[in-house]
Amino acid sequence: MKIKIKILHITFLFFTFMSFSQSDPNNLVFKGNADILNKNFNDAEVEYRKAISTNKNQNKASHNLGNLLFENQNYDEAIQEYFKTQKNSEIDLEKHSAFHNLGNSYMKKKDYAQAVEAYKNALRNNSADDETRYNYALAKKFLEGDKRQNSENSEDSEEEKQDQSEDQNENQDENQNSDQNSESEKEKPKDQDDKKEQEQGGGLSKQQMDNLLEAVNNIEKDLDIEKILKKSSRKWDGGYVIAGMIGHGDSFVIRDPHGIRPAYYFENDEVIAVASERPAIQTVFDVNYSQINEIPRGNALIIKKSGTTSLKEILKPKAK
């Protein structure tokens, strides 16, 4: 199953964590985010839980803790944290991301009905999100497969009851009983083979699943992030640094052509991090000033899922 994970949790971990929050006076969320970057996941969980115990409405801590639990395949607890995030938040972006990842958690549990409802709620907070629409369509597909499988199972159960009744009547005649048992044994392997073809994907056959995954892979292969950004950013105005991630793993960070909002990045063999200030990256990674690069005005840093990066000019640089 390939589902698209919402980018907001990445944004929290790599961008929003740089800012101080009045609701987090001890900077516990910042510390947790820094632990994530340094792959100290147990310490990160401790910091997030401290932040939540200090302030029950600490949405960033709940959301990031949910992401951490999700990555550790603890989907039940992740669901609780995402639920708290959407319940306590008044920000559409936070609610949308929480509902989206709530849907992802239900998908992992194969609770497709709950996943469909979660994605619906995510779309109510951001109806234009393509990743949520993709996951919503996928969840509906699996739910329909489940319903079809349940219907087939119900029909099989009725047929079994009818067969048992017929067998009881046929037991009165030994010859007929022998013939019926032989015929029944011949039919069983075919029934089992039919069911094996639908053992994956909520009632979808193996061929249907292969076709679906092949179509998804072809779409991902043809995606051109540079072309998409050039087309979508033509009418963007003001100062901005926008980060995003495609469902299959490619991501990007684009800076406004006037250079109003700053953006710097650092990369090594293990991590690629972006922040609005060089000192933040220096502090977290203990690196020299010269190792941190600026994203030029109007450019996008494109990060492939393989880990390779490139700078592409999306908009012509303009004067501040």
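For residue 133, the requirement of being surrounded by fewer than 17 Cβ atoms within 10 Å (Cβ to Cβ), out of contact with any helix residue (DSSP H, G or I) (no Cβ under 6 Å at 6 or more places or on another chain), within 21 Å of residue 243 (Cα to Cα) and free of Cβ contacts under 8 Å to residues at least 40 places away in the same chain is met.
For the stretch 110-121, a tally of residues being touching a residue at least 60 places away in the same chain (Cβ under 8 Å) and in a helix (DSSP H, G or I) returns 1.
Look at the stretch 88-100: where a residue is part of a helix (DSSP H, G or I) and a partner is charged (D, E, K, R), sitting 6+ places away or on another chain with Cβ atoms under 7 Å, you get 96/129; 97/6; 100/6. Taking into account only those residues within the stretch 28-69 that are of a type in the set (A, V, I, L, M, F, W, C) and surrounded by fewer than 22 Cβ atoms within 10 Å (Cβ to Cβ), which is nearest to the chain's Cα centre (by Cα)? Applying the filter and picking the extreme gives 69. Consider the stretch 72-113 and keep the residues that are under 14 Å from residue 136 (Cα atoms), under 16 Å from the mean Cα position of the chain (by Cα) and of a type in the set (A, V, I, L, M). The one that is surrounded by the most Cβ atoms within 10 Å (Cβ to Cβ) is 102.
State yes or no: is residue 273 outside any loop (DSSP other than H, G, I, E, B), within 28 Å of residue 134 (Cβ to Cβ) and at pLDDT below 95?
Numbers: outside any loop (DSSP other than H, G, I, E, B): yes; within 28 Å of residue 134 (Cβ to Cβ): yes; at pLDDT below 95: yes.
Yes, satisfied.
Here residue 307 clears all of (1) in contact with a helix residue (DSSP H, G or I) (Cβ under 9 Å, 6 or more places away or on another chain); (2) closer than 20 Å to residue 37 by Cβ; (3) in a loop (DSSP other than H, G, I, E, B); (4) not β-branched (Val, Ile, Thr) except the condition numbered (1).
The values are calculated or read from the model by the stated rules, or taken from the named source; none is laboratory data. These numbers come from a predicted model, not from an experiment. Don't worry about glycine lacking a Cβ; one is built from the backbone with ideal geometry, like all the others, and counts go over all protein chains shown.
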